[in-house]
Amino acid sequence: MNFMNFSLLLAASASSVIGQFFLKSGAEKFGKVEFTSLDSLVMTVLNILFIPQIMAGIAAYAIGLFAYVFALSRMPISIVSPSIAMSYVFAVLMGRFIFGEVVPVTRYIGMAMIVCGVIFIMKDK
């Protein structure tokens, strides 16, 4: 795999995780979402959209979308799509080290399985 293809896969995966970080931060800033009617739902959605962290999360997802499309234009989907599974690993690590979430051993085992699976899929021979 050449440097450009690797960079596109990394950008797509990293953008997804960065987007999740900002969306989680924005959700925590907003608090628990509650609504009682369609009007309150619409107002809640509008209020959420204008939280700076939510906007940053949406922007990160947009960057990831373009990196993903660029990657798909250069590589088979059978390589690109599974490679994005690394974002699951990064998200768990982010939850642990940034948000202080407790991560059980079984989740670490699952992360190791994902990494091994991506390595097997990416091998040319």
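Derivation of every value follows stated rules applied to the coordinates shown; laboratory data play no part. Computed from a prediction, not measured in an experiment: that's the story for all the values here. Please note: Cβ atoms are built from the backbone with ideal geometry, for glycine as well, and neighbour counts cover all protein chains shown.
Summary table
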quantity: Residues of type aspartates and glutamates that Lys24 reaches as a straight line, Cα spacing below 14 Å, ignoring anything fewer than 8 places off in the same chain; calculated: Glu101
quantity: Full-extension gain in nm, Met1 to Lys32, via 0.36 nm per residue minus C-alpha separation; calculated: 6.8 nm
quantity: Relative contact order, percent, the range 1-77 [alpha-carbon distance under 8 Å, six or more residues apart]; calculated: 51
quantity: Extension gain (nm, one decimal) between Val69 and Ile119, 0.36 nm per residue minus Cα-Cα; calculated: 15.9 nm
quantity: Highest to lowest packing among 20-32, 81-93, scored as the average C-beta count within 10 Å; calculated: 81-93, 20-32
quantity: Mean shadow area of the chain, taken as a quarter of the surface of its Cα convex hull (nm²); calculated: 9.6
